[in-house]
Amino acid sequence: MPIESPGDLDRVDVAVIGAGLGGTAAASLIARAGHRVALIDSHAVFPQEFRAEKLGGAHWALFERLGLAGAARPALTAIGSIDIHRPGARPVRRVADEYGFVYSDLVNALRAGLPPDAAVRVGRVEALDTGPERQSVSLADGRRIEARLVVIATGLGDSVRRKAGIGRVMTGPGHSLSLGFFLDRRAAAYPFESLAWYGRGPADRTAYLTLFPVNGTMRANLFVYREAGEEWTRAFRREPARELAALLPGLEAACGGLGIDGRVQIRPIDLTISEKYRRDGAVLVGDAFCTTCPAPGVGVRRVLTDVERLCRVHLPGWLGTPGMGADKIAAFYDDPVKRASDAAAIRASRFSRAMAVEPGAVWAARRLRNGWARRAASLFGGRIADAVPDDVPTMMGSQ
């Protein structure tokens, strides 16, 4: 993973801005396909950031298919079972094919596994000039990268997208909160390997809590449909163990004691989608294009689907023909697999919230129906008919 010095690497085929999961994965695929790529990020080492922290077997299959599994594996903690607690039902233990991780550790592992021809440029993007032929990325220290295509993979950041003339529309402000924290004992001290504990009903405004091992510690992700500024959130930040025990009765006993180690990370989730994104010379992937809720566990799949469709389906043809106009790039945004992936993630985000918090007879009936379906599935090995997301949460997603 060479880190270029000023004056190096003036012209490349593709400049990828943003070296999180999506950007690093894209740079890896582009380099392995034999194209010259520069991966641009403001940090030489990806910093601590509360994002995706758990993924399931279906997501891992994408890592394997994209050739990223070897680099990613050292950053993951394998999970073989999960205890599921739902209101009004007996706890069940199921076989799991999941992995816990620290997001920054995963990204840095993928960076370390980049092909030698993928050059990392550390710097802040000062200006971005795009057109139908060549693109220019100017860094704050005066360096400049010219490319045929710019891939914007900056996640929730707005700066680079605005420089490209692309806006963002808020479709679900204050949709949910994600809270992350560690419990105060080693993972081996708990009477389960991992756990999912669901809220009691609409009044709780809670999707679920998931506990899972990461590097010998027990990590917690809690998903609630609340706002960052309300009193409940402030109280949880002050006394997380007390508030967690009150929110989920029985959890403390199931854990054999409940203590929190360190501070609680809180991430507000808004649902957004980009606008005016059909531009010459630049394409958005992952959260830079749209953001969804992590509670249903579809974020990593959506990001890696974007990367796969762009780098393996569309990019070879784009680079093999003259020009890089908006009409060419539109094929990615109109890709039926990408569109279906985005639509499913948005639908799952809204469905999961409605199932957790919507009052009234219709949603009460749907919750009751899902309960019956889960019991039938446990007896006969079937699937839940009504639920859009998987029955068991698999990850804290990257949108």
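With a sphere of radius 9 Å drawn around the Cβ of Glu133, what net charge do the other residues whose Cβ falls strictly inside it have (Lys, Arg +1; Asp, Glu -1)?
Summing Lys and Arg as +1 and Asp and Glu as -1 gives +1.
Amide H of Gly201: which non-local residues (sequence gap of 5 or more, or other chain) have their own amide H closer than 5 Å, using H built in the peptide plane?
So Gly201 has HN proximity to Thr206.
Give me the number: length gained by fully extending Glu358 to Ala127, i.e. 0.36 nm times residue separation minus the C-alpha to C-alpha distance, one decimal in nm.
Value of the extension gain: 78.7 nm.
Could you calculate the contour length gain from Arg65 to Arg312, that is, 0.36 nm times the residue separation minus the distance between their Cα atoms, to one decimal place in nm?
Contour length minus Cα-Cα distance gives 87.8 nm.
Loop-only trypsin sites (Lys or Arg not before Pro) in region 8-73, please: DSSP not H, G, I, E or B, and at most 12 other Cβ atoms within 10 Å.
Loop-located and lightly packed - none at all.
Projected onto the charge dipole of the chain (+1 at Lys/Arg Cβ, -1 at Asp/Glu Cβ, origin at the Cα centre), which of Phe332, Val300, Ala196 gives the Cα projection farthest towards the positive end?
The one lying farthest along the dipole's positive direction is Ala196.
Given a Förster distance of 41 angstrom, what is the FRET efficiency for Ala253 paired with Glu227, based on the Cβ-Cβ distance and rounded to 0.05?
That pair, Ala253 with Glu227, gives E of 0.85.
Can you run phi through the Karplus equation (6.51, -1.76, 1.60; θ = phi - 60°) for region 345-353 and list ³J(HN,Hα) in whole Hz, with x for Gly and Pro?
5, 5, 5, 5, 4, 6, 5, 4, 5
Near the amide H of Val102, under 5 Å away, which other amide H atoms are found, from residues 5 or more places off or on another chain, if H is placed in the peptide plane?
Long-range HN contacts for Val102: none found.
Over the chain, calculate the relative contact order: mean separation of alpha carbon pairs under 8 Å at least 6 apart, over the residue count, as a percent.
Relative contact order of the chain: 20 percent.
For Lys54, list the aspartates and glutamates whose Cα falls under 13 Å from its own Cα; do not include residues on the same chain fewer than 8 positions away.
By straight Cα distance, Lys54 reaches Asp97, Glu98, Asp105.
Between Lys276 and Ala331, what FRET efficiency comes out of the Förster formula 1/(1 + (r/R0)^6) with R0 = 30 Å and r the beta carbon distance, rounded to 0.05?
0.95
Computed FRET efficiency, Cβ-Cβ of Ser136 and Arg367, R0 35 Å: what is it to the nearest 0.05?
0.05
Got a sec? Which residues in region 61-83 would a label at Val45 touch, if it sits 7 Å along Cα→Cβ and we count backbone N under 17 Å?
75
Near Lys276, which lysines are there with a Cα under 26 Å away, not counting those fewer than 8 places off in the same chain?
Candidates past the 8-residue exclusion: Lys163, Lys328, Lys338.
State, in angstrom, two size descriptors of the chain derived from its alpha carbons: Rg to one decimal place and Dmax to the nearest whole number.
21.7, 66
Region 72-144: which GluC sites (Glu not before Pro) are DSSP loop and have at most 15 other beta-carbon atoms within 10 angstrom?
Of the GluC sites (Glu not before Pro), the ones in loops of region 72-144 whose Cβ has at most 15 other Cβ atoms within 10 Å are Glu133.
Please list, in chain and number order, the residues 5+ apart from Val12 or on another chain whose amide H is under 5 Å from its amide H, with Hs placed from the backbone.
Long-range HN contacts for Val12: Glu146, Ala147, Arg148.
Can you compute the charge dipole magnitude of region 213-317 about its Cα centre, using +1 on each Lys and Arg Cβ and -1 on each Asp and Glu Cβ, nothing else charged? Give it in debye, rounded to the nearest 20.
With Lys and Arg at +1 and Asp and Glu at -1, about 280 debye.
Quote the accessible area belonging to Ser28 in square angstrom, nearest 10, computed with a 1.4 Å probe and with ligands, DNA and RNA left uncounted.
For Ser28, the solvent-accessible surface is approximately 10 Å².
I'd like the trypsin sites (Lys or Arg not before Pro) in region 91-126 restricted to DSSP loop residues with at most 11 other Cβ atoms within 10 Å, sorted by number.
none
Mind checking the full-extension length gain between Ala245 and Ala58? Use 0.36 nm per residue of separation minus the Cα-Cα distance, one decimal, nm.
64.1 nm
Let's see if you can work this out: charge +1 on each Lys and Arg Cβ, -1 on each Asp and Glu Cβ, no other charges. What is the dipole magnitude of the chain about its Cα centre, in debye to the nearest 20?
Its charge dipole is roughly 860 debye.
How much accessible area per residue does the chain have, counting only protein heavy atoms and a probe of 1.4 Å, in square angstrom?
Heavy-atom SASA per residue in the chain reads 40 Å².
The values are calculated or read from the model by the stated rules, or taken from the named source; none is laboratory data. Just so it is clear, the model here is predicted, and its values are computed rather than measured. Reconstructed Cβ throughout: ideal geometry from the backbone, glycine too, with neighbour counts over all protein chains shown. For accessibility, only protein heavy atoms count, side chains too; no ligands or nucleic acids. Shrake-Rupley method; radii C 1.70, N 1.55, O 1.52, S 1.80 Å.
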